[in-house]
1. How far apart, in nm, are the 7 Å Cα→Cβ label points at Arg150 and Phe292?
2. Listed here are the pairs Lys52/Lys124; Lys90/Lys131; Lys52/Lys208; Lys53/Lys131; Lys197/Lys228; Lys52/Lys228; which of them are more than 20 Å apart at the Cα?
3. Quick check on the chain: of the DSSP beta bridges with both residues there, what percent are antiparallel, nearest 5%?
4. Could you work out [θ]222 nm for the chain from helices alone, using -39500 (n - 2.57) per DSSP H run of at least four and dividing by all its residues? Round to the nearest 500 deg cm²/dmol.
5. Any idea which of Tyr49, Ser375, Leu389 is furthest toward the positive side of the dipole for the chain, if Lys and Arg beta-carbons carry +1 and Asp and Glu beta-carbons -1?
6. May I ask for the angle, rounded to the nearest 10°, between helix 452-461 and the longest principal axis of the chain, with both axes built from Cα atoms and the value confined to 0 to 90°?
7. Relative contact order for the range 146-292 using alpha-carbon pairs under 8 Å, separation at least 6, rounded to a whole percent?
8. Kindly express, to the nearest 10 degrees and within the range 0 to 90, the angle between helix 141-156's C-alpha long axis and the longest C-alpha principal axis of the chain.
Amino acid sequence: MNQYRNGQISHWMTQAGDSLPIFPQFRGGLATADLVVVGGGLTGLWTAYYAKKSDSSLNVVVLEAENVGYGASGRNGGWLSALTPGNRKKFASAPGSSRESAVRFQRAMQETVDEVLDICRLEKIDADQHKGGNLTVATTMAGWARLQSRRDTDLQYGLDEGEVQLLSRDLASERINIDGTCGALFYPQVARIDPAKLVHELAAVVAKMGVIVYEHSKVETVEPGRVKTKLGQLSADRVAICTEGYSGPIVGSRKIIPINSSMIVTKPLSDTDWQQIGWNGLECLNDAAHTFIYAQRTDDGRIAIGGRGAPYRYASGVGGAGETPPQTVGLLLGRLRTFFPGITFEADHAWSGVLGVTRDWCASIHYDPWSGISSAMGYAGHGVTATNLAARTLVDLMSETKSELTTLPWVGYDSGKWEPEPIRWLGVHAMYRLFGVADRWEESLGSHKTSLLARVGSRLAGLHE
């Protein structure tokens, strides 16, 4: 029986081992700050970074409930991607917005990929970053039709033909030799990273800049001019809430919910296996299924692959250190064996984590100049790049600097509220069941069209563009 680690936050975090930065616990010793950042993930640390860059005299404090990178920032699939965190059609139709605004948002995401890579070079952050692009593969004819439609939509929202390339079956297979490939989209503006290395090295950078970082310092309430923890409180001119899937207790449980995503990393593969698979460009990989996967070839010759598994815990549970059911591990291993038949895959580590999802799956940024409280949340799994763009936007808003970033359509965007329990639990699980059935139908029938069940599920969830 294959034995593997389970939980323990993530493979990325356990690999970091003794190199993890350690920060003290806040005990009420510092009474005031210019800016308090709630959350020691990528959004919070990027916010601290750009705030100090804009004004080195600022007294900036970061309060993290667990360890730096404990949440999605240390558990994600390691995609530095230009995917917009939400539905571009909804952003375009928001009050005061337009298609041109949504196009500017997409362009800003494209540019932010290079912004992060440039900062990594400038600050000497080594996160195993490699800009190999993203290959989205269709293994059914219905999926292939969706990719062609997606490309048309991408072109409408500001990507050019070089930024979203339609690949034939043969061209896609030359990159990654996936069994049953019908075709693929290729997005060059995507990089693979080790997320734990990125978040931990960024934490070390901001600490050197003079930012005070506290761990094991859970914020209980945020009020105008004041942040309370169990062991003390801080007075602050500005507060930035950067807690993503953990935001419910602070901003309201129906504004955002934690959706679960699970991952495994395989044991290292042999050179013979890699010769069969290819993947020499180190592309980030996903597929066109409704219950899609996302994956990368790691720097040490493994495959890290993720998918939804059990999508949502009743009453917005967050799942602690991320222990993953064996059934989910089996599903992810099964997907690899379907993609690459004849190769033996063994899990080495399995984990789960939560990502923040609003009612229409669109991210938002808010700032109230009267209270000084701001927030960024709802990346819905597209957050590694979006955290950087959100942080720069938050800093401009908090300094009351008008910029291109503060006019993007996610600023002030209202997603509405989730339904109360148990309707919320039933709705989320029903949506994912519809997607699962739709995938099986499309595959078994050889359909060239997306299943009606999937279309209904997408519209209910607000995912349709």
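1. Spacing of the two 7 Å Cα→Cβ label points: 0.3 nm.
2. Result: Lys90/Lys131; Lys53/Lys131; Lys197/Lys228; Lys52/Lys228 exceed 20 Å.
3. Bridges in the chain that DSSP calls antiparallel: roughly 65 percent.
4. That calculation yields -11000 deg cm²/dmol at 222 nm.
5. Ser375
6. Approximately 0 degrees, to the nearest ten.
7. Averaging sequence separation for qualifying contacts and normalising by length gives 22 percent for the range 146-292.
8. Orientation of helix 141-156: about 40 degrees from the principal axis.
The numbers here are math on the coordinates, done by the rules we state, and not lab data. Nothing here was measured: the structure is a model prediction, and the numbers come from that model. In this analysis, Cβ positions are derived from the backbone assuming ideal geometry, glycine residues included, and neighbour counts consider all displayed protein chains.
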